[in-house]
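Below: the structure, in structure tokens.
The values are calculated or read from the model by the stated rules, or taken from the named source; none is laboratory data. Computed from a prediction, not measured in an experiment: that's the story for all the values here. Backbone-built Cβ (ideal geometry, glycine too); neighbour counts: all protein chains shown. Ligands, DNA and RNA are stripped out before the accessible areas are found, and what is left, the full protein with its side chains, is counted by its heavy atoms. Shrake-Rupley method; radii C 1.70, N 1.55, O 1.52, S 1.80 Å.
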Amino acid sequence: MPTVSVKRDLLFKALGRTYTDEEFDELCFEFGLELDEITSEKEIISKEQGNVKAEGASDVVLYKIDVPANRYDLLCLEGLVRGLQVFKERIKAPVYKRVMPNGEIQKLVVTEETAKIRPFAVAAVLRNIKFTKDRYDSFIELQEKLHQNICRKRALVAIGTHDLDTLSGPFTYTAKRPSDIKFKPLNKTKEYTACELMNIYKTDSHLKHYLHIIENKPLYPVIYDSNGVVLSMPPIINGNHSKITVNTRNVFIECTGTDFTKAKIVLDIIVTMFSEYCENQFMVEAAEVVFPNGKSNTFPELAYRKEIVRADLINKKVGIRETPENLAKLLTRMYLKSEVIGDGNQIEIEIPPTRADIIHACDIVEDAAIAYGYNNIQMTLPKTYTIANQFPLNKLTELLRHDMAAAGFTEALTFALVARTTLLPGLLKTIAANRKMPLPLKLFEISDIVVKDSTKDVGAKNYRHLCAVYYNKNPGFEIIHGLLDRIMQLLDVPPSKDKGGYMIKASEGPAFFPGRCAEIFARGQSIGKLGVLHPDVITKFELTMPCSSLEINIEPFL
């Protein structure tokens, strides 16, 4: 869960009242948050770097609040305060509007060169905004939180914010050879080419983590204004020319990336959070984005949509007995404006642009439960008696885990809460983090992977996979092959070309060394692959020795 640090006094001023630490902790719990820590900048530095480094640091009390990972609207003071105020029914949820400018609309033209790097872009303008030091800090901090969260460390989306008064539109988003890009980057005093910047930032503690996104690409993305001034080289750094300050009055926001939906969500979140400080509150000036195919779109979308959920469904799922009117009131407190319609059992819910986390009816039910209060739900005995039994898939998983350990492999628990299509990258990252340990490293994981499935209501389906990796001075293909034989022996699947047995066939795979990969067939179907990993894959994970891997689907053996 992301943690948001806010100054206590600033928070209480925005809320219009003070709380004791215990009272605010209780308020957070009621709202589905957690007050994780009460600290100060001085205390944090003292813990991390010692008392000497902490001298002169601020003693201002900070609240560290844990926020659900999908509540992007709560990642800054502004969103947090707005959410709590609506929850306590002190204010009504504001209505966000996109407005056209009085003069010419700002345009961002996307060229076809960006197609293979970061093809999508969206933009908007915050007009006549008034920053203070605290507001400015919150604006910068929100961008960083979004980069680490929904933007997946800038891999999916990168945010650029610019002082519009220092620029001249229309803007061009294109891609050029690194040697052809030259500009003065943020907080630097001289111009550098993109190649020089990539070398400089290899030692930068903050930016070095993003270099891999584009460093091996033949072209780098870049945004220019009509005078050839560089706004940014996403996803690495902005230009110094358009740097925003506390005195900036008009902000041009651009989001570029590989995921169009997430780019639109990120833009919506930024403008809804900070349009509060514009001269016309909660009004956002539109910008036009022209795509390579000639089509143009106006952003931000700030789209409201409506969902209908039956009151009896909410009552049943939560385990309460509330009238539809009360349920509508509970949902309205959660920033989901609701009213009873139709036969009196249907609730129409308006989903605002700040609530991108509302995808399914179960998300609405969850918010109703939070507003009702989990502690207020009556504990009841089940109306039917059942005898608990372990799912067959979980039982098979447990049996295989024990036998994998007995075979000398160590279990790793990697990104179990992340939707992934293969377990291999997680194990390779684990090896990279432990490569100083004595060799060989023999790791395995049994967990779920996700694949697209249009027949399912959520558009995807889980499969239980087993993945094992052997890392040593030699590839150890025979060890991984022997492990496969042992697994099949445990599953009572003999080596045979018949439908009831298993066999391997020479195959190819982008992750494997040519000629050292095999596809595994069991009971008449393909269940996975094993082989020696390609050197390019190994070096990408900063590993220096050969590695063999095995990954299979265990569900056919149930």
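On the phi < 0 side of the Ramachandran plot, of a type outside the set (Asp, Glu) and surrounded by fewer than 16 Cβ atoms within 10 Å (Cβ to Cβ): which single residue out of Asn238, Asn227 fits that description? Full working, then the answer.
On the way: Asn238 fails: surrounded by fewer than 16 Cβ atoms within 10 Å (Cβ to Cβ).
Only one candidate qualifies: Asn227.
In the stretch 496-536, which strands (runs of 3 or more DSSP E) lie fully inside it and hold 2 or more residues that are open to solvent by less than 20 Å² (accessible area, probe 1.4 Å)? Outline the logic, then answer.
Details: elements: 502-506, 512-522, 525-533.
Output list reads 512-522, 525-533.
Taking the stretch 323-339 only, how many residues are surrounded by fewer than 18 Cβ atoms within 10 Å (Cβ to Cβ) and touching a helix residue (DSSP H, G or I) at 6+ places or on another chain (Cβ under 6 Å)? Give the derivation first.
To start, the set of residues in the stretch 323-339 that are surrounded by fewer than 18 Cβ atoms within 10 Å (Cβ to Cβ) comprises 323, 325-326, 329, 339.
Filter once more, keeping what is touching a helix residue (DSSP H, G or I) at 6+ places or on another chain (Cβ under 6 Å): 339.
Final tally of qualifying residues: 1.
If the Cβ limit is 6 Å and pairs must be 6+ apart or interchain, which residue in the stretch 326-338 that is under 15 Å from Gly83 (Cα atoms) pairs with which residue that is of a type in the set (Phe, Trp, Tyr) and in a helix (DSSP H, G or I)?
Leu330/Tyr372; Arg333/Phe87
Yes/no matrix, rows are residues, columns are (1) part of a loop (DSSP other than H, G, I, E, B); (2) outside the structural domain of Phe171 (by the TED database); (3) under 26 Å from Arg135 (Cβ atoms):
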| site | (1), (2), (3) |
| --- | --- |
| Asn216 | yes, no, no |
| Gly228 | yes, no, no |
| Leu231 | no, no, yes |
| Lys243 | yes, no, yes |
| Arg249 | yes, no, yes |
| Ile253 | no, no, yes |
| Val266 | no, no, yes |
| Val271 | no, no, yes |
| Glu276 | no, no, yes |
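Any residue at all in the stretch 209-224 that's touching a helix residue (DSSP H, G or I) at 6+ places or on another chain (Cβ under 6 Å) and either under 28 Å from Gly79 (Cβ atoms) or open to solvent by 60 Å² or more (accessible area, probe 1.4 Å) (or both)?
Yes, some residue in the stretch 209-224 is touching a helix residue (DSSP H, G or I) at 6+ places or on another chain (Cβ under 6 Å) and either under 28 Å from Gly79 (Cβ atoms) or open to solvent by 60 Å² or more (accessible area, probe 1.4 Å) (or both).
State all residues of the stretch 395-413 that are polar (S, T, N, Q) and either touching a helix residue (DSSP H, G or I) at 6+ places or on another chain (Cβ under 6 Å) or open to solvent by 70 Å² or more (accessible area, probe 1.4 Å) (or both); if no residue qualifies, say none. Spell out the reasoning first.
Step one: filter the stretch 395-413 for residues polar (S, T, N, Q), giving 397, 410.
Scanning the stretch 395-413 gives a single hit, Thr410.
Can you confirm whether the stretch 58-72 contains a residue that is part of a helix (DSSP H, G or I) and either under 30 Å from Thr298 (Cα atoms) or open to solvent by 70 Å² or more (accessible area, probe 1.4 Å) (or both)? Walk me through it before giving the result.
First pass over the stretch 58-72, keeping only residues part of a helix (DSSP H, G or I): 72.
From the residues that got through so far, the ones that are either under 30 Å from Thr298 (Cα atoms) or open to solvent by 70 Å² or more (accessible area, probe 1.4 Å) (or both) too are 72.
Yes, the stretch 58-72 contains at least one residue that is part of a helix (DSSP H, G or I) and either under 30 Å from Thr298 (Cα atoms) or open to solvent by 70 Å² or more (accessible area, probe 1.4 Å) (or both).
From the list Thr430, Thr455, Thr422, which residue is open to solvent by 90 Å² or more (accessible area, probe 1.4 Å) and hydroxyl-bearing (Ser, Thr, Tyr)?
Numbers: Thr430 fails: open to solvent by 90 Å² or more (accessible area, probe 1.4 Å); Thr422 fails: open to solvent by 90 Å² or more (accessible area, probe 1.4 Å).
Just one listed residue meets the conditions, Thr455.
Can you spot a residue in the stretch 99-120 that is within 18 Å of the chain's Cα centre (by Cα) and open to solvent by less than 40 Å² (accessible area, probe 1.4 Å)? Spell out how you get there, then give the answer.
Kept after step one, since they are within 18 Å of the chain's Cα centre (by Cα), are these residues of the stretch 99-120: 118, 120.
Now drop any that are not open to solvent by less than 40 Å² (accessible area, probe 1.4 Å), which leaves 118.
Yes, the conditions are met somewhere in the stretch 99-120.
Filtering the stretch 1-54 down to residues that are of a type in the set (Lys, Arg) and either over 26 Å from the mean Cα position of the chain (by Cα) or at positive phi (or both), which residue is most open to solvent (accessible area, probe 1.4 Å)? Working first, answer last.
Let us first name the residues in the stretch 1-54 that are of a type in the set (Lys, Arg), namely 7-8, 13, 17, 42, 47, 53.
Checking which are either over 26 Å from the mean Cα position of the chain (by Cα) or at positive phi (or both) leaves us with 8, 13, 17, 42, 47, 53.
Values: Arg8: 67, Lys13: 166, Arg17: 98, Lys42: 77, Lys47: 138, Lys53: 135 Å².
Checked the stretch 1-54; the qualifying residue most open to solvent (accessible area, probe 1.4 Å) is Lys13.
In the stretch 246-304, how many are open to solvent by 60 Å² or more (accessible area, probe 1.4 Å) and closer than 24 Å to Ala14 by Cα?
The total comes to 6.
For the stretch 125-138, state whether one or more residues are part of a loop (DSSP other than H, G, I, E, B), basic (Lys, Arg) and either out of contact with any helix residue (DSSP H, G or I) (no Cβ under 7 Å at 6 or more places or on another chain) or in the same structural domain as Leu164 (by the TED database) (or both). Outline the logic, then answer.
If we filter the stretch 125-138 for residues that are part of a loop (DSSP other than H, G, I, E, B), which is where we start, we get 127-128, 130-132.
Now restrict to residues that are basic (Lys, Arg): 127, 130.
Applying the additional criterion that residues be either out of contact with any helix residue (DSSP H, G or I) (no Cβ under 7 Å at 6 or more places or on another chain) or in the same structural domain as Leu164 (by the TED database) (or both) yields 127, 130.
Yes, the stretch 125-138 has at least one match.
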